[in-house]
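Single-structure report; data block below.
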Amino acid sequence: MKICNIWNHFSTITRHRNLVRKHCFQIGLYWQGLTHDLSKYSPEEFWSGVRYYQNSDIVYNFFIFSFKHY
């Protein structure tokens, strides 16, 4: 397990959560926006995510681009 995987995984799930929160707030889903993916920060899910982390920025950015243009 690499130290950079810890930071990168944390950054990825936080970026995703912030985007979901932003879009939920825009349509009035405040509670869902605040509580979305909180379990990803629990030790069990976080450390398994770090263990299997792959730099998926390309896939993630493609998904966001596709979603915005759907």
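The values are calculated or read from the model by the stated rules, or taken from the named source; none is laboratory data. Source: prediction; values computed, not measured. Reconstructed Cβ throughout: ideal geometry from the backbone, glycine too, with neighbour counts over all protein chains shown. Areas reflect the complete protein model, heavy atoms only, side chains present, ligands, DNA and RNA absent. Shrake-Rupley method; radii C 1.70, N 1.55, O 1.52, S 1.80 Å.
When only residues in the stretch 15-34 that are more than 12 Å from the chain's Cα centre (by Cα) and open to solvent by less than 50 Å² (accessible area, probe 1.4 Å) count, which is modelled with the lowest pLDDT?
The first filter runs over the stretch 15-34 and keeps only residues more than 12 Å from the chain's Cα centre (by Cα), leaving 22-34.
Okay, now just the ones that are also open to solvent by less than 50 Å² (accessible area, probe 1.4 Å), so 24, 28, 33.
On the way: CYS24: 95, GLY28: 95, GLY33: 92.
Top of the filtered list is GLY33.
Is there any pair with a first residue in the stretch 28-40 that is without any contact (Cβ under 8 Å) to a residue 60 or more places away in the chain and farther than 21 Å from HIS9 by Cβ and a second that is assigned to a helix (DSSP H, G or I) and open to solvent by 50 Å² or more (accessible area, probe 1.4 Å) whose Cβ atoms are under 6 Å apart and which are 6 or more apart or on different chains, and what are they?
Close Cβ pairs (under 6 Å, with a partner that is assigned to a helix (DSSP H, G or I) and open to solvent by 50 Å² or more (accessible area, probe 1.4 Å)) amount to GLY33/ARG21; GLY33/PHE25.
Are any residues in the stretch 35-60 open to solvent by 90 Å² or more (accessible area, probe 1.4 Å), within 15 Å of the chain's Cα centre (by Cα) and either modelled with pLDDT under 90 or farther than 30 Å from LYS2 by Cα (or both), and if so, which ones?
Correct list: TYR52, GLN54, ASN55, ILE58, VAL59.
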